[in-house]
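**Student:** To start, I am sharing the structure in question, which I have written as structure tokens.
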Amino acid sequence: DSGVTQTPKHLITATGQRVTLRCSPRSGDLSVYWYQQSLDQGLQFLIQYYNGEERAKGNILERFSAQQFPDLHSELNLSSLELGDSALYFCASSLGSQRGYGYTFGSGTRLTVV
Amino acid sequence: TQLLEQSPQFLSIQEGENLTVYCNSSSVFSSLQWYRQEPGEGPVLLVTVVTGGEVKKLKRLTFQFGDARKDSSLHITAAQPGDTGLYLCAGARTGNQFYFGTGTSLTVIP
């Protein structure tokens, strides 16, 4: 157990639907990162939050949004889902937001869009 | 387009052999990390390097950050079946947002 908790572990939904993925960071970590992993694209950075505020954005689609709550858990919202959104979605956390802080990853949410 | 290219993409070796995995980019990174990922799990951090030319050793694993901070290598001595997995390098240019490499899938045959 890495200390980063992601729910649900598996999610199957239809095209056009909206889903919410949840992440609880490791105790004491203030920074949360979301990544998408697919076979053809590898691990792609989506977005980072630090202590409730958005810190950096990567290749996140406009149909996707995220937030970090006061208790530091984070949610990734995916809407108007397409078949191509099927992937593993990972959350990672780190103590700080400055360079050199190692990530602790959760076990991921496998999203299948049918 | 990936910022970081890893080679080889796939590697299958016998137990006891040595191997080196390379991670290359045209970009300069402020820090670089290596992870190992097993099927169905998230990547697990192995090491972070932040200084050009830095070498870190973890038991049978040796990590090197290039002098120009554009590349890195991972060398495994006397590979064991437990080393099997997907090895990922990840670089950060500013802040702590890491961009991951294309990955090297290693299989160590007993």
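The values are calculated or read from the model by the stated rules, or taken from the named source; none is laboratory data. From a predicted model like this one, the values you see are computed outputs, not experimental measurements. Here the Cβ is made from the backbone with ideal geometry for all residues, glycine too, and neighbour counts use every protein chain on show. We work out accessible area using only protein heavy atoms, side chains counted, and drop any ligands, DNA or RNA first. Shrake-Rupley method; radii C 1.70, N 1.55, O 1.52, S 1.80 Å.
**Student:** In this structure, is residue B:45 more than 19 Å from residue B:11 (Cβ to Cβ) and surrounded by 16 or more Cβ atoms within 10 Å (Cβ to Cβ)?
**Tutor:** Criteria met by residue B:45.
**Student:** Might you let me know whether the range A:44-54 holds any residue that is touching a residue at least 40 places away in the same chain (Cβ under 8 Å) and either open to solvent by 10 Å² or more (accessible area, probe 1.4 Å) or not in a strand (DSSP E or B) (or both)?
**Tutor:** Within the range A:44-54 (the criterion being touching a residue at least 40 places away in the same chain (Cβ under 8 Å) and either open to solvent by 10 Å² or more (accessible area, probe 1.4 Å) or not in a strand (DSSP E or B) (or both)), the answer is yes, since at least one residue qualifies.
**Student:** Separate question: Is it the case that the range B:50-62 has a residue that's within 22 Å of residue A:101 (Cβ to Cβ) and touching a residue at least 40 places away in the same chain (Cβ under 8 Å)?
**Tutor:** No, the range B:50-62 contains no residue that is within 22 Å of residue A:101 (Cβ to Cβ) and touching a residue at least 40 places away in the same chain (Cβ under 8 Å).
**Student:** Could you check the range A:1-41 for strands (runs of 3 or more DSSP E) lying wholly inside it with 2 or more residues that are open to solvent by 40 Å² or more (accessible area, probe 1.4 Å) and closer than 22 Å to residue A:112 by Cβ?
**Tutor:** Once the strands (runs of 3 or more DSSP E) in the range A:1-41 are filtered for at least 2 residues that are open to solvent by 40 Å² or more (accessible area, probe 1.4 Å) and closer than 22 Å to residue A:112 by Cβ, what remains is A:5-7, A:10-13, A:19-24.
**Student:** Continuing with the same structure: If I filter the range B:33-51 down to residues being of a type in the set (Val, Ile, Thr) and outside any strand (DSSP E or B), which single residue comes out as nearest to the other protein chains (Cβ to nearest Cβ)?
**Tutor:** B:50
**Student:** Let me ask something additional. Among residues belonging to the range A:67-99 that are within 14 Å of another protein chain (Cβ to nearest Cβ) and outside any loop (DSSP other than H, G, I, E, B), point out the one that is surrounded by the fewest Cβ atoms within 10 Å (Cβ to Cβ).
**Tutor:** Residue satisfying both the conditions and the ranking: A:88.
**Student:** For the range B:54-70, how many residues are surrounded by 13 or more Cβ atoms within 10 Å (Cβ to Cβ) and over 19 Å from residue B:36 (Cβ atoms)?
**Tutor:** 4
**Student:** Among the residues of the range B:1-42, write down those that are under 10 Å from the mean Cα position of the chain (by Cα) and buried (at least 21 other Cβ atoms within 10 Å of the Cβ).
**Tutor:** The answer is B:6, B:21, B:23, B:32, B:33, B:34, B:35.
**Student:** Next question. So in the range B:68-100, with the set limited to residues that are assigned to a loop (DSSP other than H, G, I, E, B) and of a type in the set (Gly, Ala, Ser), which one is farthest from residue A:93 (Cα to Cα)?
**Tutor:** Filtering the range B:68-100 for residues that are assigned to a loop (DSSP other than H, G, I, E, B) and of a type in the set (Gly, Ala, Ser), the one farthest from residue A:93 (Cα to Cα) comes out as B:78.
**Student:** Follow-up. What number of residues in the range A:19-35 are more than 13 Å from residue A:48 (Cα to Cα) and in contact with a strand residue (DSSP E or B) (Cβ under 7 Å, 6 or more places away or on another chain)?
**Tutor:** So the answer is 6.
**Student:** For residues that are within 29 Å of residue B:110 (Cβ to Cβ) and either within 14 Å of chain A (Cβ to nearest Cβ) or touching a residue at least 60 places away in the same chain (Cβ under 8 Å) (or both), tally how many sit in the range B:12-32.
**Tutor:** 10
**Student:** For the range B:101-110, name all the residues that are within 12 Å of chain A (Cβ to nearest Cβ) and not in a strand (DSSP E or B).
**Tutor:** B:101, B:102, B:103
**Student:** Condition (residue is hydrophobic (A, V, I, L, M, F, W, C) and open to solvent by 60 Å² or more (accessible area, probe 1.4 Å)) applied to the range B:87-110: is it met by at least one residue?
**Tutor:** Scanning the range B:87-110, I find at least one residue that is hydrophobic (A, V, I, L, M, F, W, C) and open to solvent by 60 Å² or more (accessible area, probe 1.4 Å), so the answer is yes.
**Student:** Taking the stated definitions as given, is residue A:60 of a type outside the set (D, E, K, R), free of Cβ contacts under 8 Å to residues at least 40 places away in the same chain, open to solvent by less than 60 Å² (accessible area, probe 1.4 Å) and under 26 Å from residue B:69 (Cβ atoms)?
**Tutor:** No, not satisfied.
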